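Remarks on the structure that follows.
Bear in mind that the values in this text are calculations on the coordinates, not laboratory data. Note that the structure is a prediction, hence the values are computed from the model and not measured. Cβ placement follows ideal geometry from the backbone for every residue including glycine, while neighbour counts extend to all protein chains displayed.
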Amino acid sequence: MEFIKVNPSYQKHIALIELNRPKELNALNLQLMQELRDVLKELDQDESVRVIVLTGNERAFAAGADIKQMANKTTIDMLMVDQFSTWDQIRKTRKPLIAAVSGFALGGGCELAMTCDMIVASETAKFGQPEIKIGVMPGAGGTQRLTRAIGKARAMELVLTGKFIDAQEALSFGLINKVVPVEIYLAEAMNLANEIAQMSPIAAMLAKESVNRSFETHLDEGLHFERKNFYLTFSSEDQKEGMKAFIEKRKPNYKGK
Ligand code: DAK
């Protein structure tokens, strides 16, 4: 791995992935995205991992796709590389995925953070979809996910002017979950991850899948999907353990079975 650092047991049941192209502000070149895809797939299958935290560094989560790599590409080049299959695979990660964002989360960087399930940001974080300033538009879900997260008026403004918003605005718009001082943004993301890691990983996986489904379908079908996943949790030992522990007034010990 050249552009990604991974620690699959950063904390108990929590894996940490760091984007690692600091000089280029973690610009997302093809190799980085492929490495990220492969690592996420591995961690998704690793039974010891229950939650994954994705971060950059203090200056940048990621300043977008690599403009230098894209600048001379033709439509056919873009089509044949088919980066979308990489992004689609990342989107299919089944375990809860938390973005810990400091500094720039722009363009593809903002889209990558939005592909995660939750975002914890430092006070220095800046979010935006500045593609319009370089003659293109968001291509990895920005117009869709941003609009669903913050509404049409605000999304239009960000996408059409390319301006950035800071972490406080992002919080008030509902784009992110928390804003904390830069010194503790990763620790805060870990706290959130740790809270989730105490739950049944099976229930967490099914719940994530169900919440995501609400974006993809109408209410009736979403409720039907939720119901099926709810029933499915009753096939797990974790469901028995969780309810038994409640009745016995003790902490549950989930095994992911
Ligand atoms: N790509 C390549 N290099 C980048 C970069 C980027 N996105 N962002 C920064 N860098 C590089 C700079 O060129 C500079 O390199 P050197 O000149 O030192 O070699 C280094 O990182 C430090 O950046 P600056 O010197 O510019 O630092 P400043 O603090 O002055 O400015 C900045 C920081 C973040 C405001 C500025 O770097 C900037 O505006 N960066 C570009 C932001 C941007 O436009 N992002 C959107 C890119 S388009 C797709 C999936 C995704 C996408 C498209 C398709 N498919 C699945 C098909 C996404 C597209 C995009 O994200």
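Tabulated values for the structure
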item	result
Formal net charge of residues neighbouring THR115 (Cβ-Cβ distance under 15 Å; K, R +1; D, E -1)	+3
Charge dipole of the chain about the Cα centre (unit charges at C-beta), most positive-ward option of ILE52, THR233, GLN129	THR233
Listed residues GLU188, GLU58, GLU24, most fluctuating in the chain (Gaussian network, C-alpha, under 10 Å)	GLU24
Dipole magnitude of the chain about its Cα centre (Cβ charges: Lys, Arg +1; Asp, Glu -1), debye to nearest 20	440
ILE132, ILE202, ILE176 arranged by Cβ crowding within 10 Å, fewest neighbours leading	ILE132, ILE202, ILE176
31 Å Cα-Cα threshold exceeded, pairs from LYS152/LYS257; LYS126/LYS257; LYS152/LYS208; LYS73/LYS208; LYS92/LYS178	LYS152/LYS257; LYS126/LYS257; LYS73/LYS208
Using distinct alpha-carbon pairs, which all enter the 1/r mean, Kirkwood radius of the chain in Å	19.1
Residue order, fewest to most beta carbons within 10 Å, for ILE76, ILE119, ILE150	ILE76, ILE150, ILE119
Likely footprinting exposure, LEU206, LEU160, LEU19, fewest C-beta neighbours within 10 Å first	LEU160, LEU206, LEU19
